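A short worksheet on the structure shown next.
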């Protein structure tokens, strides 16, 4: 079975199946759009960007091409599946082979995990499970329509600084389950981060990802936050550099208190999604032999032990 990087001769097949694709990266899809052709061109012309598009020709006699793509940010511990096309090929033997090839490409750049967002009612959910993907959390994306925030006022949200790192980590570790922390460790290097302090303590933190189609907001909000609806409305109305872009707020299942507040603010809920992971590297403890220290230049046997004499003195028994 032939699996290889995409080249220019595959672009017609990619364009032909553009409406029959499965998208597995909600952040990229909502902020930048499908990016099938443009992403594939980046993959072909500038592979150093971390966008990899690959093609599987399937079994002998199967003329249908199955095309998939991953995105890996340099230095990140994980890569993310972005799309598989056409959707009619996910049940073929080419699917597993294609995913394994994409994993190897990502692993060569240092990625340890491969992620995918998928609705549980979609057929691809079971296909991914059979390919050793496991659900580590669930999420729902809430949509605020495009509108200008020219009427923005004074806001309680502030840009996060290095001095806030400790308090942000405390909030993150108190809110996020350990399983999620293992897959998505907190990174303080992301460029767009806002914090909210209440009585001097950071009770809310949000990561923002900007694209020409919209802005993705990933909030971490303590349940003790006062006037939660007001704080979220303040965030949406005063989001930096929003202009007329839509805002998408991703609510993970471990923060259910955010959903009622977003509903009261008029946000539109999307379908529930499973966030899945496939581990590329297995962490294993290395057992080191225990060396018994040398006494007076000699090498004691491993069975050397300490015995106590009747008068309380200690003697070495060989």
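Some observations on this one:
- Selection status of residue 80, at pLDDT 90 or above, surrounded by 14 or more Cβ atoms within 10 Å (Cβ to Cβ) and under 27 Å from residue 246 (Cα atoms): yes
- Answer from 61, 68 - the residue that is modelled with pLDDT under 90, outside any helix (DSSP H, G or I) and not assigned by TED's automatic domain parsing to the domain that holds residue 251: 61
- Within region 240-248, the presence of a residue that is under 17 Å from the mean Cα position of the chain (by Cα), within 28 Å of residue 110 (Cβ to Cβ) and surrounded by 14 or more Cβ atoms within 10 Å (Cβ to Cβ) is excluded.
- The condition (being at pLDDT 95 or above and loosely packed, with under 14 Cβ neighbours inside 10 Å) is satisfied by just one residue among 291, 296, 268: 268.
- Considering (1) under 24 Å from residue 216 (Cα atoms); (2) surrounded by 20 or more Cβ atoms within 10 Å (Cβ to Cβ); (3) touching a strand residue (DSSP E or B) at 6+ places or on another chain (Cβ under 6 Å), the lone condition that residue 21 does not fulfil carries the number (2).
- Lone qualifier among 31, 88, 70, 53 - being closer than 24 Å to residue 212 by Cβ, out of contact with any helix residue (DSSP H, G or I) (no Cβ under 6 Å at 6 or more places or on another chain) and touching a residue at least 24 places away in the same chain (Cβ under 8 Å): 31
- Checklist (1) buried (at least 17 other Cβ atoms within 10 Å of the Cβ); (2) within 22 Å of residue 75 (Cα to Cα) applied to residue 178, failing item: (1)
- Enumeration of residues in region 92-122 that are touching a helix residue (DSSP H, G or I) at 6+ places or on another chain (Cβ under 8 Å) and under 30 Å from residue 256 (Cβ atoms): 113, 114, 115, 116, 117, 118, 119
- Applying the criterion of at least 2 residues that are modelled with pLDDT of 95 or more and under 30 Å from residue 87 (Cα atoms) to the strands (runs of 3 or more DSSP E) found wholly in region 108-200 leaves 113-119, 134-144.
- Hey, residue 47 surrounded by 17 or more Cβ atoms within 10 Å (Cβ to Cβ), farther than 26 Å from residue 249 by Cβ and over 18 Å from the mean Cα position of the chain (by Cα) or not: no
The values are calculated or read from the model by the stated rules, or taken from the named source; none is laboratory data. What you see is a predicted model, and the numbers here were worked out from it, not measured in a lab. Neighbour counts run over all protein chains shown; Cβ positions are idealised from the backbone, glycine included.
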